[in-house]
Structures are given as structure tokens and as C-alpha cells.
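Accompanying notes for the structure given below.
The values are calculated or read from the model by the stated rules, or taken from the named source; none is laboratory data. Not measured: the values here are computed from a predicted model. Here the Cβ is made from the backbone with ideal geometry for all residues, glycine too, and neighbour counts use every protein chain on show. Areas reflect the complete protein model, heavy atoms only, side chains present, ligands, DNA and RNA absent. Shrake-Rupley method; radii C 1.70, N 1.55, O 1.52, S 1.80 Å.
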Amino acid sequence: MSRDRLTEDQITAGLADLPDWQREGDSIARTAETASFPTAIRVVDAVAAEAERLDHHPDIDIRWRTLRFVLSTHSAGGLTPLDLQLAGFIDRTLATTT
Ligand code: HBI
């Protein structure tokens, strides 16, 4: 997966498929409520494994049942396809983890 920065049009197109994510400058972010603190940790654990697999890591804020993820490609100084790919994985994990 490329670490080349996305164009504005590519970012707009990518975010159309990620309606729970917001653009925050050179990052994208989403917040999610989980059913319980252990559920939140299970989500974070699954995301951590995928982040390691991709060698691409989100900023994660954990506050009881509330998770906030922030994605950006630090080495590119902006958004790359890796950010969109991991955002999609995070969405799917949130939707399927109990
Ligand atoms: N995660 N979000 C993000 N951005 C990076 O540039 C990055 C990373 N995880 C590991 C990583 N880069 C390594 O490939 C080295 O570039 C540090």
C-alpha cells in the first residue's frame, strides 16, 4: 500500500465511504462508543494487531467506553491510502466486536 500523499479529490472520495470519520487538517478522526470497557479494549487489541501488520499506527484515546482514533501518515506529512485502509478496518472492527 502506498505511502504517497493523497490528493484532495482522493481524500474526499475516500471519506465518502467513511461517513463516521471527520477531516482534521492532515488527519482523519472518529469517535465511537462501545458496549463496555472490556469491549473497547478488545477493539483496540484488534486494531493494534492490524496496525502492526500494516506497519501503520493510529493515535488512540481510550476513555472508559469511548474510543477516539486519529489517523495520519507521519512520514508523508499527511493522508495516504494506508490511513483510509486502516480507517475501514477500524469501522469493521467496531461493527463486529462485542
Ligand atoms: N504510523 N501513522 C503512522 N505513520 C507513519 O509514518 C508510520 C507509522 N507506523 C510505523 C512507521 N511509520 C514506520 O514505517 C517508520 O516510518 C517509523
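Close Cβ contacts (under 6 Å, 6 or more residues apart or on different chains) running from residues in segment 64-84 that are more than 16 Å from VAL47 (Cβ to Cβ) to residues that are assigned to a strand (DSSP E or B) and near the ligand (Cβ under 10 Å from one of its atoms) comprise THR80/THR73.
This table checks each residue for (1) assigned to a strand (DSSP E or B); (2) in contact with a helix residue (DSSP H, G or I) (Cβ under 8 Å, 6 or more places away or on another chain); (3) under 24 Å from ARG3 (Cβ atoms).
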position	(1), (2), (3)
ALA32	yes, yes, no
ALA35	no, no, no
ARG42	no, no, no
ALA48	no, no, yes
HIS57	no, yes, yes
LEU67	yes, yes, no
VAL70	yes, no, yes
GLN85	no, yes, yes
THR93	no, yes, yes
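Residues in segment 42-54 that are open to solvent by 70 Å² or more (accessible area, probe 1.4 Å) and away from the ligand (no atom under 16 Å from the Cβ): ARG42, ASP45.
Within segment 10-23, does at least one residue satisfy the condition of being among the β-branched types (Val, Ile, Thr) and in contact (Cβ under 8 Å) with a residue 40 or more places away in the chain? First the steps, then the outcome.
Step one: list which residues in segment 10-23 are among the β-branched types (Val, Ile, Thr), which gives 11-12.
Checking the rest, the ones that are also in contact (Cβ under 8 Å) with a residue 40 or more places away in the chain come to 11.
Yes; the residues of segment 10-23 include at least one that is among the β-branched types (Val, Ile, Thr) and in contact (Cβ under 8 Å) with a residue 40 or more places away in the chain.
Could you please find all residues in segment 26-41 being hydroxyl-bearing (Ser, Thr, Tyr) and touching a residue at least 60 places away in the same chain (Cβ under 8 Å)? Once the filter is applied, which keeps residues that are hydroxyl-bearing (Ser, Thr, Tyr) and touching a residue at least 60 places away in the same chain (Cβ under 8 Å), segment 26-41 yields only THR34.
Considering segment 80-94 alone, what residues qualify as being more than 23 Å from ALA35 (Cβ to Cβ) and open to solvent by less than 10 Å² (accessible area, probe 1.4 Å)? Full working, then the answer.
Taking segment 80-94 first, the residues more than 23 Å from ALA35 (Cβ to Cβ) are 80-85.
Listed by number, the residues that qualify are THR80, LEU82, ASP83.
For segment 55-79, the set of residues classified as under 25 Å from GLU8 (Cβ atoms), open to solvent by less than 50 Å² (accessible area, probe 1.4 Å) and more than 12 Å from the chain's Cα centre (by Cα) consists of ALA76, GLY77, GLY78, listed by residue number.
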